[in-house]
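**Q** To start, I am sharing the structure in question, which I have written as structure tokens.
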Amino acid sequence: MTMKHAEHVWTVQVDSSRSEYFVAAAQIYCSTFSLQDREPVRVLAERLDSESAAGPNALHIDVFGTGAKFSGNTKAIAVYHYMSNSNSGLLSFLAVKKAFRGMGYGSRLYSVVKRRIKLDGLQRQSLAPTGIFCEVRKDQPHNPNDHTFDFWKQNNTFPISMEWLHPRISSEDTITSLTLLFSPLVRSYRHRLPSAFLARAVEDIYQIAYRKPLDDPLLARVRESIKKTHYHTLLR
Ligand SMILES: CC(C)(COP(=O)(O)OP(=O)(O)OC[C@H]1O[C@@H](n2cnc3c(N)ncnc32)[C@H](O)[C@@H]1OP(=O)(O)O)[C@@H](O)C(=O)NCCC(=O)NCCS
């Protein structure tokens, strides 16, 4: 990806819901994702403020901007988790303001996400994390007007051959059937994922990101789709 001219770009790690950068992040979050596809801002705020930096897992909200460094110049946001048990990451939301899409900003912010997940793994376990999960709507790969899937492909992120169900934290009845994607950070996970790793990772995602117990019935269904084989292929 080439930039036409060198421009000043910056990122800020948002550490509190009282930060002006949190307000900028919340604006992009709400204008990009409908309430059906996201949690209310108060859930994000509560989680960010209750997060302990010393814990085994981590929630990060990063904002990306260009030009002078102030919250009004925020152009993109990423909300993501480091998950200790599976030594992997989950990117919950990545969004670039509509007027600034297709300019390489999403990819730049995603590189920051990868670096921080690597750092989290190395600091907490002295071990390089395996990769980063994310989710897309099931129809996205087949929708010519939606470039999200092109974006993920370009960023070396591919669908996993399994069933994926996403329950909302704030609304017990909202369950979305999505496609789970994986972006490998280590060579050995480049083409296929061991089922045992996948089982640990889906438990992490349900417990840490969705706040569900290990006996959650949806998690049981997802696990069922993992059990059948030793490896799961990344669909390219
Ligand atoms: C998905 C999203 C984050 C991508 O960010 P972006 O800054 O627009 O993407 P980039 O400019 O870094 O593009 C990277 C690659 O994605 C693909 N891509 C992005 N926009 C595209 C478009 N309009 N047409 C075709 N391909 C496109 C290309 O392959 C591109 O690589 P290239 O420029 O080398 O061809 C952004 O479009 C967005 O905010 N979408 C809405 C929210 C969303 O769906 N988020 C993802 C799920 S949480």
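No value in this document is a laboratory result; all are computed from the given coordinates. Quantities reported herein were computed from a predicted structural model and do not represent experimental measurements. Cβ: placed from backbone, ideal geometry, glycine included. Neighbour counts: every protein chain shown.
**Q** So what J values fall out for the range 218-234 if you push phi through Karplus, 6.51 cos²θ - 1.76 cosθ + 1.60 with θ = phi - 60°, rounded to Hz, Gly and Pro as x?
**A** Whole-Hz 3J(HN,Hα) from phi for the range 218-234: 5, 4, 4, 5, 5, 4, 4, 6, 8, 4, 5, 9, 6, 10, 10, 7, 8.
**Q** Fully extended, how many nm does the chain gain between residue 35 and residue 126 (0.36 nm per residue separation, minus their Cα-Cα distance)?
**A** Gain on extension, residue 35 to residue 126, equals 28.9 nm.
**Q** Can you work out the Karplus-derived ³J(HN,Hα) for every residue in the range 85-95? Use 6.51 cos²θ - 1.76 cosθ + 1.60 with θ = phi - 60°, whole Hz, and x for glycine or proline.
**A** Each residue of the range 85-95 in turn: 4, 9, 6, 9, x, 10, 8, 7, 8, 9, 8 Hz.
**Q** Still on this model: Going by amide H atoms built from the backbone, whose H comes under 5 Å of the H on residue 174, apart from near neighbours?
**A** Amide H neighbours of residue 174, under 5 Å, 5+ apart: 168.
**Q** Please list 3J(HN,Hα) in residue order for the range 183-199, calculated via the Karplus relation 6.51 cos²θ - 1.76 cosθ + 1.60 where θ = phi - 60°; whole Hz, with x for glycine and proline.
**A** In residue order, the calculated couplings are 10, x, 10, 10, 4, 5, 10, 6, 10, 8, 10, x, 4, 5, 5, 4, 4 Hz.
**Q** Another one. Run the numbers on the range 141-207 and let me know its relative contact order in percent, using alpha-carbon pairs under 8 Å that are six or more apart.
**A** Once divided by the residue count of the range 141-207, the mean separation gives 24 percent.
**Q** Which net charge results for the neighbourhood of residue 86, defined as the other residues with beta-carbon distances under 10 angstrom from its beta-carbon, given Lys and Arg at +1 and Asp and Glu at -1?
**A** Summing Lys and Arg as +1 and Asp and Glu as -1 gives -1.
**Q** Moving to a separate point now. At residue 196 and residue 7, where each label point lies 7 Å from the Cα along Cα→Cβ, what is the point-to-point distance in nanometres?
**A** In this crude spin-label approximation the distance works out to 4.8 nm.
**Q** What FRET efficiency comes out for residue 146 versus residue 215 if R0 is 25 angstrom and r is the Cβ-Cβ distance? Round to the nearest 0.05.
**A** Taking R0 as 25 Å, the efficiency between residue 146 and residue 215 is 0.10.
**Q** Still on this structure: If I take the Cα coordinates of the chain and project them onto the principal axes, what are the three extents in Å, biggest first?
**A** 52, 38, 37
**Q** From the helices alone, meaning DSSP H stretches of at least four residues, give me the mean residue ellipticity at 222 nm for the chain, per-run term -39500 (n - 2.57), in deg cm²/dmol to the nearest 500.
**A** Helix-only estimate at 222 nm: -9500 deg cm²/dmol.
**Q** What's the extension gain from residue 170 to residue 43 if we count 0.36 nm per residue and subtract their Cα-Cα distance?
**A** Here the segment from residue 170 to residue 43 would lengthen by 45.0 nm.
**Q** Take every Cα pair under 8 Å in the chain that's 6+ residues apart, average their separations, divide by the length, and report that relative contact order as a whole percent.
**A** For the chain, the relative contact order is 16 percent.
**Q** While we're looking at this one, here's another question. So who's got an amide H within less than 5 Å of the one on residue 17, skipping anything under 5 residues away but keeping other chains? H placed 1.01 Å off N, in plane.
**A** Under 5 Å from the amide H of residue 17 lie the amide H atoms of 49, each far enough along the sequence or on another chain.
**Q** So, in the range 9-233, how many Lys pairs have Cα atoms under 25 Å apart, if the pair is 8 or more places apart or on different chains?
**A** 23
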